[in-house]
Amino acid sequence: DKTVTMKVASTAYTSHVSQTSATPFIGAWGDDLKPGMKAIAVSRDLIPKGLTRNAKVKIEGLSGEYLVKDKMNKRWTNKIDIYMGLDNQAAKDWGKREVTITFEKKETK
């Protein structure tokens, strides 16, 4: 495996229908999203770079590891969306910022 570090744009989202879909607690791969879990959605261009389903990601300025559990709309590139459960205020406080992320890219055989 190879450690990858990159800068990406970041925003935050919650499990409210207005921000997601008719099934706001289910990620694009079918994973359950539960308030309190450390999860992110990724722009689809980042998936081939190693941010695949369940990849573990460290985000500058946040503690712990986040799991890739969701995919963003095709219109976004080089971006992650940090899951904030039902906390609209936390998502608004995060706003938009550039962050450095680090993850292990699995070697393909």
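Taking the Cα centre of segment 26-108 as origin and charging only Cβ (+1 Lys, Arg; -1 Asp, Glu), how large is the dipole, in debye to the nearest 20? Each step should come with its number before you reach the end.
Numbers: 17 positive and 12 negative charges, 56 e Å.
Its charge dipole is roughly 260 debye.
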List the relative contact order of the chain as a percent without decimals, with contacts defined as Cα pairs under 8 Å and 6+ residues apart. 46 percent
Hey, got the Cα dimensions of segment 1-65 along the principal axes, in Å, largest first? 36, 25, 19
Using all alpha carbons of the chain, what is the percent of pairwise distances in each 5 Å bin, ordered from the shortest bin to the longest? 2, 13, 25, 27, 20, 9, 3, 1, 0
How big is segment 57-109 by Rg and Dmax over its Cα atoms, in Å? 12.8, 44
Rounded to the nearest 10 Å², the accessible area of VAL68 at probe 1.4 Å: 0 Å²
ARG97 accessible area, nearest 10 Å², 1.4 Å probe? 100 Å²
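Counting only DSSP beta bridges with both residues in the chain, what percent are antiparallel, rounded to the nearest 5?
Just about 65 percent of them are antiparallel.
Quick check: with the 1.4 Å probe, what order do TRP76, TRP94 take by accessible area, largest first?
Values: TRP76 90, TRP94 25 Å².
Result of the area sort, largest leading: TRP76, TRP94.
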Give the ranking of THR52, THR11 by solvent-accessible surface, highest area first, calculated with a 1.4 Å probe. THR52, THR11
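The values are calculated or read from the model by the stated rules, or taken from the named source; none is laboratory data. Because the structure is a prediction, the values reported are computed rather than measured. A quick note on method: Cβ atoms are made from the backbone with ideal geometry, for glycine too, and the neighbour counts reach across all protein chains shown. What goes into the accessible areas is simple: the full protein's heavy atoms, side chains included, and nothing from ligands, DNA or RNA. Shrake-Rupley method; radii C 1.70, N 1.55, O 1.52, S 1.80 Å.
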